[in-house]
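The values are calculated or read from the model by the stated rules, or taken from the named source; none is laboratory data. Quantities reported herein were computed from a predicted structural model and do not represent experimental measurements. Neighbour counts run over all protein chains shown; Cβ positions are idealised from the backbone, glycine included.
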Amino acid sequence: MPAKSDLPQGTLDLLILKVVALGPVHGYAIGQRLQQVSRDVVQVPQGSLYPALHRLENRGLLAADWKTTETGREAKFYRLTRKGRGQLETESASWVRLTDAIALILNMSEAGAK
């Protein structure tokens, strides 16, 4: 079983935007999807997930509607706004640049960069 990982500051918002970009989804399902796709490495407590969803909604990056879930319960379903899509693209590109740079540093040999 993989070890749980603490997310770097600001990463949760990016991950939420990515999951919601795939289609309207309720909060609990977002947490489940993150955990499943990451093979249990990313586990977001509800105490972190729901405040992040409200923050993203207040910033205009997500919009939400109340709907009935597959289990018959009422839940807030989130969808990405146009502003949210732009934010996702910007943050994704930035994250890729940063992780590529870190990979270069981690793969550096004693004689210098490979």
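Observations on the model:
- Complete set of residues in segment 1-47 that are closer than 17 Å to A75 by Cβ, at pLDDT below 95 and either under 11 Å from the mean Cα position of the chain (by Cα) or in a loop (DSSP other than H, G, I, E, B) (or both): V44
- Taking the listed residues G23, G72, G84, G60, the one that is touching a Gly at 6+ places or on another chain (Cβ under 9 Å) and at positive phi is G60, with no other qualifying.
To keep it simple, each residue is scored yes or no on (1) farther than 24 Å from V96 by Cβ; (2) without any contact (Cβ under 8 Å) to a residue 24 or more places away in the chain; (3) surrounded by 18 or more Cβ atoms within 10 Å (Cβ to Cβ).
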residue: V19; (1), (2), (3): no, yes, yes
residue: H26; (1), (2), (3): yes, no, yes
residue: Q36; (1), (2), (3): no, yes, no
residue: V41; (1), (2), (3): no, no, no
residue: P51; (1), (2), (3): yes, yes, no
residue: E70; (1), (2), (3): yes, yes, no
residue: L80; (1), (2), (3): no, no, yes
residue: R85; (1), (2), (3): no, no, no
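- Segment 60-73, residues that are part of a loop (DSSP other than H, G, I, E, B) and in contact with a Lys or Arg (Cβ under 8 Å, 6 or more places away or on another chain): G60, L61
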